[in-house]
Amino acid sequence: MLIKAESKYIRTSFRKLKLVADLVRPMTVEQALDTLKVLPQRASKPLLKTLKQAVGNAVNNLNLPKDSLTIYSIEINQGPTYKRWQPVSRGRAHSIFKRTSHIKIVLSGKKPKVQKPAAKKVTKKPAVKAKKG
């Protein structure tokens, strides 16, 4: 069963998010959460929020245990770039590109099998025929 979570228009560049995502991609969900909490990179915050969102979707909506979840995929895509300019001397302007990103995290999990209680066997008694006579 696949569980998805997305964050769009994150005001961090694609390259910075991709470096952090490559670091946590092979980890388990618990390890990834712990690692993202202590990483000094600013890009770890939006990834942590999106991963928590995916875990929350699995636990609350699908009743999956947190320890059965694994990271299926992490996609970091480029979003739109905001184009601004900075005035400089002699009436000129320098371009400023404010890049954005999209994060998509997919988790996989297995629902635990619930054992049903054994059903009691019902034996049918043979019908007694009334005697005529």
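Rule-based calculations on the coordinates, nothing more; no lab input. Since the model is a prediction, treat every value here as computed from it, not as a measurement. As a convention, Cβ positions derive from the backbone with ideal geometry for all residues, glycine included, and neighbour counts pool all protein chains shown.
Values for this structure:
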item: Residue pairs, from the table LYS66/LYS120; LYS8/LYS110; LYS37/LYS116; LYS52/LYS111; LYS52/LYS116; LYS66/LYS116, whose Cα atoms sit over 30 Å apart; result: LYS66/LYS120; LYS37/LYS116; LYS52/LYS116
item: Once exposed loop trypsin sites (Lys or Arg not before Pro) are cut out (DSSP; at most 12 other Cβ, 10 Å), longest piece of the chain; result: 43-109
item: Nitroxide proxy distance, nm - points 7 Å out along Cα→Cβ at ASN77 and LEU23; result: 2.5 nm
item: 13 Å beta-carbon shell around SER68, net charge (K/R +1, D/E -1); result: +2
item: Dipole-positive endmost among PRO46, VAL24, MET1 within the stretch 1-53 (Cβ charges, Cα centre); result: PRO46
item: Sum of side-chain charges, LYS111 neighbourhood, beta-carbon under 15 Å (Lys, Arg +1; Asp, Glu -1); result: +3
item: LEU64, LEU47 arranged by Cβ crowding within 10 Å, fewest neighbours leading; result: LEU64, LEU47
